[in-house]
Amino acid sequence: MADTRPRTRLYLITPPAIDVPVFADDLARALDGGDVASVQLRLKAAGDDAVLRAAEALMPACHARDVALIVNDRPDLAAKAGADGVHVGQDDASYRDARAMMGADAIVGVTCHNSRHLAMAASDAGADYVAFGAFFPTATKDPKARADLETLRIWQAMTVVPCVAIGGITVDNCRPVVEAGADFVAVVAGVWNYPDGPGAAVAAFNAVFDDVAVSGQAKAFSKNPLPE
């Protein structure tokens, strides 16, 4: 598992409320800190126009660095904004409806809590990734389930559909989640509240991802030594 799968990548999520011009600068600093796969715009309390304006303002920084912009909950707004994808929860639009609104080429991810059954249903329907969580206590939202590392291990053993780990993940606690099989690590406060700033947080996460990847390669080599 850990010795063959791709290196884990970072999936940033915006704070629940942002001052868009100020946050745009913070986002640029974060993205310049190292590899980031995607940024999810999650403004649950904001009106439709505010979400669209935020997407319009943040998309250039993302696309200039080859980072996907994903809108939370609302495939209608994601499609209207021209976002790269949408993430839907179990109580939001269905995967089928999200795909119909977003089109075949967009990213559509689905929250699956700690349920492999929900994850298999989503992946069978065509989801681009499934998200498991929460793995740790989090103040960002009230999680509906606590996820365990065994869910990640089993998921990696049974399917190639990527999985995202979310919920209270920080630089200090992310390593077991990465080692268990998270293809992406979703982070909110662990980046935006990092004492040395968001760029340093992104760099620190990537250092952990690199170290786990190198450790996995070393394990693979030790299992399959070159012939004498």
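Derivation of every value follows stated rules applied to the coordinates shown; laboratory data play no part. Owing to the predicted nature of the structure, the values given are computational and were not obtained by experimental measurement. Every residue, glycine as well, gets a Cβ built from its backbone with ideal geometry; the counts of neighbours run over all protein chains shown.
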Which of rounded, prolate, oblate describes the stretch 1-112, given a ≥ b ≥ c as roots of the alpha-carbon gyration tensor eigenvalues and a/c under 1.5 marking rounded, otherwise prolate only if a/b is larger than b/c?
oblate
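Per the helix-only calculation at 222 nm, which mean residue ellipticity applies to the chain, given -39500 (n - 2.57) for every DSSP H run of n ≥ 4 and division by its residues, nearest 500 deg cm²/dmol?
Numbers: 9 runs with 101 residues, N = 228.
So the helix-based figure for the chain works out to -13500 deg cm²/dmol.
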Selection from Gly103, Val22, Cys163, by position along the positive dipole direction of the chain (Cβ):
Cys163
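What number results when the radius of gyration of the chain, computed over Cα atoms, is divided by 2.2 N^0.38 Å? Write down the numbers at each step before the final one.
On the way: Rg = 17.3 Å, N = 228, 2.2 N^0.38 = 17.3 Å.
Expressed relative to 2.2 N^0.38 Å, the Cα Rg reads 1.00.
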Between Ala139 and Ala100, what is the label-to-label distance in nm when each label sits 7 Å out along the Cα-to-Cβ direction?
4.2
Among the chymotrypsin sites (Phe, Trp or Tyr not before Pro) in the stretch 128-202, which ones are in a DSSP loop with at most 11 other Cβ atoms within 10 Å of the Cβ? Mind listing them?
none
